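Okay, structure first, notes after.
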Amino acid sequence: MAGILVIAEQTGGTLNRASWEAIVAAQSIGGDVKVAIAGREVGAAAAELAAAEVAEVIALQHAALDLYTPDGYVQALAAFIRDAEPGLVVLPHTYQTRDFAPKLAARLERALITDCTAIKAHGDGRAFTRPVFQGKLNADVVADGPTPHLVTIQIGAFRVDALKKSGRRAAVRTVDAAVDASAIRQKPEAPFKEARQAVDLSQAERIVSVGRGIKGPEGLPLVQALADALGAEVAASRPICDAGWLPMERQVGSSGQTVAPKLYLALGISGAIQHLVGMKGSKTIVAINKDPDAPIFEVADYGIVADLFDVVPALTTALKE
Amino acid sequence: MKIAVCIKQVITRESQIRVNEQKTWIRDQDATFELNEPDAYALEEGLRLKEKHGGEVVVCSAGPARATQVIREALARGADRAIHVEGELGSGDAFSMAGALASAIKDEAFDLVLTGLQSDDHGFGQVGVVLAENLGIPHATIIMEVNADGGSLRVKRELEGGWFQFVTMPLPALLTIQSGINQLRYATLKGIMAAKKKEIRTVPAPAGLAARQRIVDLYPPQKVKKTEMIGGSAADAARQLVRALRDDARVI
Ligand SMILES: Cc1cc2nc3c(=O)[nH]c(=O)nc-3n(C[C@H](O)[C@H](O)[C@H](O)COP(=O)(O)OP(=O)(O)OC[C@H]3O[C@@H](n4cnc5c(N)ncnc54)[C@H](O)[C@@H]3O)c2cc1C
């Protein structure tokens, strides 16, 4: 197989959106696309994947793949990929992939390009675009060495509604995964959520969100005053919660809450991808940042390049006028 | 517990970033540098584990001569000694970095190796995991809690959207640490003085570290939305924004 192999992801039999996005990315390259999915019994998920216009879906099954472990997945996938010899392996850039893909690439001694947001022609081959410096720059990257190269596709970079579906369902093949259960060193426990979240930011109509630009907790009353004037909830980027200036439950982003208010005001937030995925569905986005090149301006409807310590009090005053 | 903490020097967030002429990396001659943030949390976690279980914390950094700046800082915060892998490190891709670090620490038989989950510059998120594979030890990523007990570890992994999971594994093991796992300490004057006497062993990067990926173009991202930029004094800008949110966007 010289084509593309997509590794889809399931939890408890349910496919995630990122897996479909990875298939869209693979389809956008063209040629033969196959999809593999690993787990204990993944026939139903494989059948679901067969709706996509792909050459084949492979259900890679083993009892030891019931709960995800990097050791189990790397064994199963390395053996399968060596056998199938794809030209390129495409994975969604999820937390699970982050956990095992570098190990898989190392085991196979192949290149791995992570969090790609676009794929371009480059010479006879391809370049993969990925953000560097926290999204301040994009790098077009070329993989070296023998194939298959591995790439992970950033969440939201390819649109599921661009998925090519097939009238005729793709063939599904079940393969016994090559896993030595005794060589799996991680013993995972069931996932859980921390104590009930008291604030449900997903329901908020307006959100005033604050980032590291606030410098310290003494700046927060300024932000609270603006939120009060707007009738908004206060939220934050991760560093604010890491530092303990605001509780974790107010964090917006990939590891925090996903929000979609009518108005999202980003104060002193640079706009790293992990923050953007949590808020870019907001209807109107306002960014106030003193760096005109901050990535947050790429998604903002209104932007003010200024010191937030000047603009925020002025805004609170203007709202009261 | 014998703990290695891998740290990287990255340019400061506030740095004005300028692309080099070949568009393959940035012009870092005039940049200022700092310790990669998730690595600072990894170091802190290493120091806390040592305080609890005894042993030593050895910081390890692969990078140019200027990386001694962050090594000194780590020693000042309490690390016992350091290993600096200096030399040609490919273009700094994850496989050459992990290869360089592996060669420097593989003979030391560490019980635990900690790294940050990714760096602020390349952001590969690969070095720790590849290093674990190179060392032949189990790993877990995006760690928010570490409990060590005898020969095993029970760690809390962060999953997406506010979910977590505990995972147990035997030692030796490697963990990639997420920001916010603990509260950072800063170097004291006493620490800075003590650091001057601590050992920094410099070892050459191993030969034949070939990068598996290279940057062929580097450029600012394109805007996806048409942003209306509002200028003027703070008071003017504030008034204009309020008007736009009221009359055009109708969201207040
Ligand atoms: C696995 C993983 C999960 C993550 N999950 C999340 C998540 O859920 N949520 C999240 O937010 N992040 C998350 N992060 C972290 C993320 O990558 C960024 O580090 C973080 O979002 C940066 O926060 P920030 O924009 O507040 O800080 P910075 O990136 O430091 O930006 C601060 C901004 O403030 C501006 N500024 C400074 N001073 C002023 C001033 N006086 N006036 C105006 N502007 C000013 C600066 O120009 C800069 O743009 C995650 C990272 C990883 C690796």
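Each value in this text was obtained by applying a stated rule to the coordinates, not by laboratory testing. Worth saying up front: this structure is predicted, and the values here are computed from it rather than measured. For neighbour counting, all protein chains shown are included, and Cβ atoms are generated from backbone atoms with ideal geometry for every residue, glycine included.
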key: Criterion violated by A:Leu230 - all others in (1) aliphatic (A, V, I, L, M); (2) more than 13 Å from the ligand (Cβ to nearest atom); (3) more than 9 Å from chain B (Cβ to nearest Cβ) satisfied   = (3)
request  = Go through the stretch A:148-175 residue by residue and tally those that are among the basic types (Lys, Arg), in contact (Cβ under 8 Å) with a residue 24 or more places away in the chain and either surrounded by 15 or more Cβ atoms within 10 Å (Cβ to Cβ) or farther than 30 Å from A:Arg107 by Cβ (or both).
outcome  = 4
inquiry  = Any residue at all in the stretch B:67-82 that's within 16 Å of the ligand (Cβ to nearest atom) and touching a residue at least 24 places away in the same chain (Cβ under 8 Å)?
reply    = no
key: Enumeration of residues in the stretch B:189-209 that are more than 22 Å from the chain's Cα centre (by Cα) and more than 24 Å from B:Glu108 (Cβ to Cβ)   = B:Leu189, B:Lys190, B:Met193
Wholly enclosed strands (runs of 3 or more DSSP E) of the stretch B:141-237 bearing at least 3 residues surrounded by 15 or more Cβ atoms within 10 Å (Cβ to Cβ) and in contact with a helix residue (DSSP H, G or I) (Cβ under 6 Å, 6 or more places away or on another chain) = B:173-177
ask   = Conditions: (1) part of a loop (DSSP other than H, G, I, E, B); (2) hydrophobic (A, V, I, L, M, F, W, C); (3) more than 9 Å from chain B (Cβ to nearest Cβ). A:Ala300 meets all but one. Number of the miss?
value = (3)
task = Could you figure out which of (1) within 8 Å of the ligand (Cβ to nearest atom); (2) buried (at least 23 other Cβ atoms within 10 Å of the Cβ); (3) away from chain B (no Cβ under 11 Å) isn't true of A:Lys215?
result = (2)
remark   = Counted residues in the stretch A:73-121 being away from the ligand (no atom under 16 Å from the Cβ) and under 23 Å from B:Leu174 (Cα atoms) come to 17
task = Determine, yes or no, whether A:Glu189 is among the acidic types (Asp, Glu), surrounded by fewer than 19 Cβ atoms within 10 Å (Cβ to Cβ) and facing another protein chain (nearest Cβ under 7 Å).
result = yes
Filter pass, A:Ala314 being more than 6 Å from the ligand (Cβ to nearest atom), touching a Lys or Arg at 6+ places or on another chain (Cβ under 6 Å), not β-branched (Val, Ile, Thr) and not in a loop (DSSP other than H, G, I, E, B) = no
request  = Determine whether the stretch B:131-145 contains at least one residue that is facing another protein chain (nearest Cβ under 8 Å), farther than 17 Å from A:Thr97 by Cα and of a type outside the set (A, V, I, L, M).
outcome  = yes
request  = Take the stretch A:282-297 and flag every residue that is in a helix (DSSP H, G or I) and at the interface with another protein chain (Cβ under 8 Å from one of its Cβ atoms).
outcome  = A:Pro295, A:Phe297
ask   = Yes or no: A:Val277 within 13 Å of the ligand (Cβ to nearest atom), in a loop (DSSP other than H, G, I, E, B), touching a residue at least 40 places away in the same chain (Cβ under 8 Å) and touching a Ser or Thr at 6+ places or on another chain (Cβ under 6 Å)?
value = no
query = Among the listed residues A:Ala139, A:Ala127, which satisfies the condition of being free of Cβ contacts under 8 Å to residues at least 12 places away in the same chain, outside any helix (DSSP H, G or I) and either within 12 Å of chain B (Cβ to nearest Cβ) or in contact with a Pro (Cβ under 9 Å, 6 or more places away or on another chain) (or both)?
reply = A:Ala139
query = Taking the stretch A:240-269 as the region of interest, how many residues are buried (at least 24 other Cβ atoms within 10 Å of the Cβ), more than 17 Å from B:Gln178 (Cβ to Cβ) and within 11 Å of the ligand (Cβ to nearest atom)?
reply = 4
